[in-house]
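Visitor: Shown below is the structure under consideration.
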Amino acid sequence: MTNTNKLSPQVQTLLTHLQKHGSISSAEADTVYKMRSLPRRICDLKDAGYAISRELKKDPTGQRYARYTLVGSPAHEAKLVAEPQQTLPLATEVVPPVLRVGATIRVTDPVAMEEYESGDQGTVVEVDSDGAVYATFDTIEGRHFLLSFEFEVIA
């Protein structure tokens, strides 16, 4: 079981809300908990082993927003019986691509406020010392900041 004492107070508050209510939007997090960076806190929960899904929605005015839902927890996952996994011999192991300047990424879980969409491919143009990632896309003008949970490295 994950030690929730290692989670920041905001992340603990978010986890408690998701366990009690099931889901949350940025507007709710901001209004109720004064949590200004919900996508970052969701990333922290994912890093702690919690499964969170994101559904893009539109409010009555047509404004897009994301609703995050708790799907599973480390304790839940530990109870699942896993199928035996076939391991590859060391000589044929595939090394995943490394995040670096020039790496090709694919958007998997975009933040609702950005122009890029799931499936868009881009090129990393900067990775700063804090781990912030900036990428460019062929179909979208400019340089875009991405959170670590929004993309996968494909080359």
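Visitor: Which of the residues spanning segment 35-69 are in a strand (DSSP E or B) and in contact with a helix residue (DSSP H, G or I) (Cβ under 6 Å, 6 or more places away or on another chain)?
Guide: I52, Y68
Visitor: Using the structure shown, decide if T123 is modelled with pLDDT of 85 or more and hydroxyl-bearing (S, T, Y).
Guide: yes
Visitor: Here is a check on your reading of the model: is G22 touching a residue at least 12 places away in the same chain (Cβ under 8 Å), loosely packed, with under 13 Cβ neighbours inside 10 Å and out of contact with any Leu (no Cβ under 6 Å at 6 or more places or on another chain)?
Guide: yes
Visitor: Among the residues in segment 37-57, are any at pLDDT 85 or above and in contact with a Gly (Cβ under 8 Å, 6 or more places away or on another chain)?
Guide: For segment 37-57, residues at pLDDT 85 or above and in contact with a Gly (Cβ under 8 Å, 6 or more places away or on another chain): present.
The values are calculated or read from the model by the stated rules, or taken from the named source; none is laboratory data. All of these numbers come straight from a predicted model, not from anything done at the bench. Virtual Cβ from ideal backbone geometry, glycine too; neighbours counted across all protein chains shown.
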